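Take a look at the structure set out below.
A short reminder: the numbers here are calculations on the coordinates, not readings from a lab. Predicted model, so just to flag it, every value in this text is computed and none were measured. Positions of Cβ are backbone-derived with ideal geometry, glycine not excepted, and every protein chain shown enters the neighbour counts.
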Amino acid sequence: MTAETVTIVITTSKGEIEVELWGEKAPKTVANFLSYVDDGFFGDTIFHRVMPGFMIQGGGFVADMSQKSTRGPVENEADNGVANSRGTIAMARTSDPHSATAQFFINLVDNGFLNHTSKDSRGWGYCAFGKVTSGMDVVDAIGGVATGNRGGHQNVPTAQVTITGVRRK
């Protein structure tokens, strides 16, 4: 776990995004995310889900839409008081509140309905654990790409947006 603030750089085919991760607010989540960063896991993954006016999601699929193998899930820390506001990075998950592994999303707008409200399946929310400090123009550019259906998934960019790597700054 980490209690410090760490800056990472997400290098994409559209440009670079700097993100400050808040270890003091979400220590387990940040430690989990940084373990994937340090292992080079995110290299050559794609933004596989783009929803204008909502969010961009990546960190789990490669170009052919096959999903990468991950470690086990991390405990949901969405009760940390951090809102899913524009520019925050949060963990993607299934309907199980404690199922997040490597996939993440960046909020394009304030998405208050994703915030923690209670510790049950309906209210757990999505753990925001940092915020874009530079490159929001890149995030917005990704958020504006054309999308379609591919590989059984919806909202997939029709022109691939690649994450070439993520590193600590």
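For the range 4-12, the criterion of being buried (at least 19 other Cβ atoms within 10 Å of the Cβ), in contact (Cβ under 8 Å) with a residue 12 or more places away in the chain and more than 15 Å from T164 (Cα to Cα) is satisfied by no residue at all. Among the criteria (1) buried (at least 18 other Cβ atoms within 10 Å of the Cβ); (2) free of Cβ contacts under 8 Å to residues at least 12 places away in the same chain; (3) not hydrophobic (A, V, I, L, M, F, W, C), the one S69 does not fulfil is (1).
For (1) of a type in the set (V, I, T); (2) under 15 Å from the mean Cα position of the chain (by Cα), each residue gets a yes or a no:
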site: G72; (1), (2): no, no
site: T117; (1), (2): yes, no
site: G123; (1), (2): no, no
site: C127; (1), (2): no, yes
site: G152; (1), (2): no, no
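Report, by residue number, each residue of the range 129-169 that is over 15 Å from G58 (Cα atoms), part of a strand (DSSP E or B) and in contact with a Ser or Thr (Cβ under 6 Å, 6 or more places away or on another chain). The answer is F129, K131, G148. E18 fulfils the conditions (1) in a loop (DSSP other than H, G, I, E, B); (2) of a type outside the set (S, T, Y); (3) more than 22 Å from Q154 (Cα to Cα) except for a single criterion, (1).
Here is a yes/no grid of residues against (1) part of a loop (DSSP other than H, G, I, E, B); (2) not polar (S, T, N, Q):
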{"position": "V50", "(1), (2)": "no, yes"}
{"position": "P73", "(1), (2)": "yes, yes"}
{"position": "D79", "(1), (2)": "no, yes"}
{"position": "S85", "(1), (2)": "yes, no"}
{"position": "H98", "(1), (2)": "yes, yes"}
{"position": "K119", "(1), (2)": "yes, yes"}
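Within the range 27-52, the set of residues being loosely packed, with under 15 Cβ neighbours inside 10 Å and either of a type in the set (S, T, Y) or free of Cβ contacts under 8 Å to residues at least 60 places away in the same chain (or both) comprises S35, D39.
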